[in-house]
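One structure is given here, and the rest of the page talks about it.
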Amino acid sequence: MNAALLPATLDAIATLIERGDFAGAERRAQAALQTLPPHAEIWRLLAIAQIRRGQLDAAARSLQQAHRLDPNSVEVLCNLAAVEIHRGNANGATGLLERALQLAPNHVGALNNLGRLRHQLGDYAGSAQCFERSLRLDPQNAQTWFDLANASASLHQWSAAESHARQGLNLAPRSADGWYVLGYLYERQGRLDEALQPYRTSMELQPRPHTAHNLALVLEQRGDWRAAARVLEQALQLEPNLHEALGQLVFAKRKLCEWDGLPALSARMLAAVDAGIEGITAFSFLAEEASPAQQLHCARTFARQFAREPMPALPAVGLDGPLRVGFVSSGFNEHATGLLMVELIERLRAASLTTVAFATTPGDRSALRDRLTQAFDEFHEVALQSPEAIAQRIRDARIDVLIDVDGYCMNSLPRIFALRPAPIQVNYLAYPGSLGAPWYDYLIADHVVIPAAQRAYYDEKIAWLPRCYQPTDTTRVVPPAPSREALGLPPTGFVYCCFNANWKITPQSFALWMRILDAVPGSVLWLLDEQPGSGVAGRLRDAARLAGVDPQRLVFAPKTNHADYLARYQCADLFLDTNPYNAHTTASDALYVGCPVLTRPGDTFASRVAASLNLQIGLDELVVGDDEAFVALAIELARQPARLDALRARLRDPATRARLFDMPAYAHDFAALLMRMAQLARNGEAPRDLP
């Protein structure tokens, strides 16, 4: 074959690639290499065909041949970068693209690819710079506007991000990508109502699993659990291996008490965790019947996505002045976290440390927010700022010990801690388990929630308090008890209650409750109806009917303000706990008002919190060893009113209450634990368990 045939040959190979005939393109290129003089473009087109066929090693060899023949080919360098991206070698790909741009600074493709790669690596400012340069060269490229919007969003430059997305949509109004980006921007800012329409438009233009997943998250946060579950099912139909949607669907069905098909979905999720597959949210996994080892494995897998290059190391914990302790939380509002912590922070004013809040959500103008703002020595409003910006605020504040109060709960920001803005970093309170990440030094717990036999399933060093790890607010005043009639309870009969979130109610726990009701005539079970209209009450009543129990013996209480919620416990006789995720704040609330809590601890942190509370206050007999003992004791207490009255009297006794509700002593122990962490650091010693 004559070299003059080269242009026609290259066109023929390129045409086969455009048609999707990659095998044909590979054969044509291989034949040309046998008959034509060596030429870089033949090797490059061969490599493209091989990439499309998934033959990455062969493609890399072909591109190396092309690069040898034409070392200054920008297209070859870009293709080599694509192979390295497929191989997961992001740093290698970055170097190749930077070399390409040295040769051709105005190469739009290389700029866009480098911008996406830098975004993937967490270099959002560098990513935005690439897209801005690209748009100066090609301002009509809608996709680049959307990419720039994403980069700006990652920098929390919300106004600019929205402007960029709108610019792209002006150029491509039927772009599913563009509408998705706009929905994402609104979602990230908490503008949930505004996020719905862009996500729905994107789904109408091009139904995609990740769009469906994000739409479902918005629907769930807005309280439309049923719609969220249906959209998650659609996401899994589009992509059965979308594990983010799988985990969220299981959790959504638990919130709905929609148990049909749940065991199979849960088994799929457990198998994914065991296989180390990313996408399962660590917090929702705590509600599954899983071992402590599986929970740790899930947390480690989940943590990988947050890894970042840490900030430059700080010197040892400061020796001048009081220890500066930072608390990062989205719950410094009328929220369970704020309710648990507010008195602790107030009491820490007596300790020789400075408390500094970093509130990652806007204030809700509640009295509790005002009280928290006054309780901390310093209160920083950092809502809607990027994790990088918040980390710099923490660094500037010279924090010695930084406490993550959220862990992996909703609205948490683990990336802050991955950046290592403080020399000592601590996991505390909201997330009942190990965070599985090397950037946490300690986990504050107690010897009940983490017994010695379970120590191996926590990556952090354990800082054990000498009391129950959970604080509370003992300044709360409980209003007078309302009438049973006003609460929808029957005038007589034993009242079992469980005001846990609906997702904690498993079929197994519910079956135990039905056995108890069946054995105690006239008794009722009083539950929380978290989201009226979600169908939870109807489904649980149907389940009661199937268990042979009159469905009207289930009484549902709507959510209300905190004071009225506390008052309800005066009309309940016994709180029945759930497994594998216990009552936590609700158990503390019940005991505070004087309602005994019956619990059966498991092996995980989340399944042992109510036991820790009971043992601390001295109600050891209400911590039972198995389900049969749980059922038997619940029945016995209903049949032995004097025994139950004695338990309630103990809960009213000031000496008994002081065992759990002594916040000055709790604050003293808490501060002493932080001081021990700091002293180790000052001595140049590594973190270690602090028993």
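Since every read-out is calculated from the coordinates, none of them should be taken as a lab result. Worth saying up front: this structure is predicted, and the values here are computed from it rather than measured. Cβ atoms come from the backbone with ideal geometry, glycine included; neighbour counts cover every protein chain shown.
Details
- Lysines with Cα under 29 Å of LYS253, excluding same-chain neighbours fewer than 8 positions away: LYS504, LYS559
- Among HIS668, HIS107, the order by Cβ neighbours within 10 angstrom, fewest to most, reads HIS668, HIS107.
- Inter-label distance, nm, simple model (7 Å from Cα along the C-beta direction), ARG682/ARG68: 6.4 nm
- Model label points for ARG659 and ARG222, set 7 angstrom from Cα along the Cα-to-Cβ axis, are 4.9 nm apart.
- Packing-based order for 475-483, 200-208, 273-281, using average beta carbon neighbours within 10 Å, highest first: 200-208, 273-281, 475-483
- Likely footprinting exposure, MET514, MET675, fewest C-beta neighbours within 10 Å first: MET675, MET514
- Listed peptides 224-231, 122-129 by packing density, highest first (mean Cβ within 10 Å): 224-231, 122-129
- Prolate/oblate/rounded call for region 485-661, Cα gyration tensor, a/c under 1.5 rounded: rounded
- From helices alone, the chain scores -16500 deg cm²/dmol at 222 nm; the rule is -39500 (n - 2.57) for each run of n ≥ 4 DSSP H residues, then divide by the residue total.
- Taking amide H atoms as placed 1.01 Å from N in the peptide plane, the amide H of HIS380 lies under 5 Å from those of ALA357, PHE358, ALA359, each 5 or more residues away in sequence or on another chain.
- Residue order, fewest to most beta carbons within 10 Å, for ARG53, ARG347: ARG53, ARG347
- Assuming charge only on the beta carbon of Lys and Arg (+1) and of Asp and Glu (-1), the dipole of region 323-464 about its Cα centre is about 180 debye to the nearest 20.
- The modelled label-to-label distance between ASP320 and GLU289, using points 7 Å beyond Cα along the C-beta direction, is 6.0 nm.
- Candidate aspartates and glutamates - alpha carbon under 16 Å from LYS461, same-chain residues fewer than 8 apart omitted: ASP404, ASP441, ASP446, GLU685, ASP689
- Each residue of region 421-437 is assigned a 3J(HN,Hα), and the resulting list reads x, 9, x, 10, 10, 10, 9, 8, 5, 6, 9, x, x, 6, 8, x, 10 Hz, derived from the Karplus form 6.51 cos²θ - 1.76 cosθ + 1.60 (θ = phi - 60°), x at Gly and Pro.
- Compared with the alpha-carbon gap, the fully stretched path from THR373 to ASN91 is longer by 97.1 nm at 0.36 nm per residue.
- Charge tally around TYR666: other residues with Cβ under 12 Å, Lys/Arg +1 each, Asp/Glu -1 each, net -3.
- Isotropic mean projected area of the C-alpha convex hull, region 385-455 (nm²): 4.9 nm²
- Per the Kirkwood formula applied to alpha carbons, the chain shows a radius of gyration over Rh ratio, Rg over Rh, of 1.04.
- Net length gained if the chain between LEU33 and ASP274 were fully extended (0.36 nm per residue, minus Cα distance): 82.0 nm
- Whole-Å semi-axes of the ellipsoid equivalent to region 422-569 (Cα gyration tensor, √5λ, descending): 37, 20, 15
- Using the Cβ-Cβ distance between LEU171 and GLU18 with R0 set to 25 Å, the FRET efficiency works out to roughly 0.55.
- The calculated Kirkwood hydrodynamic radius for region 323-464 is 15.3 Å, given to one decimal from all distinct C-alpha pairs.
- Positive-end residue, the chain charge dipole about Cα centroid, Cβ charges, pick of ALA212, ALA606, LEU286: ALA212
- Taken about its Cα centre, region 485-661 carries a charge dipole of about 200 debye when Lys and Arg each add +1 at the Cβ and Asp and Glu each add -1 at the Cβ.
- Given +1 at the Cβ of Lys and Arg, -1 at the Cβ of Asp and Glu and no other charges, the dipole of the chain around its Cα centre is 320 debye to the nearest 20.
- Taking amide H positions as modeled 1.01 Å from N, with prolines and chain starts lacking one, the residues under 5 Å from ARG324 and 5 or more places away or on another chain are THR354, ASP400, VAL401.
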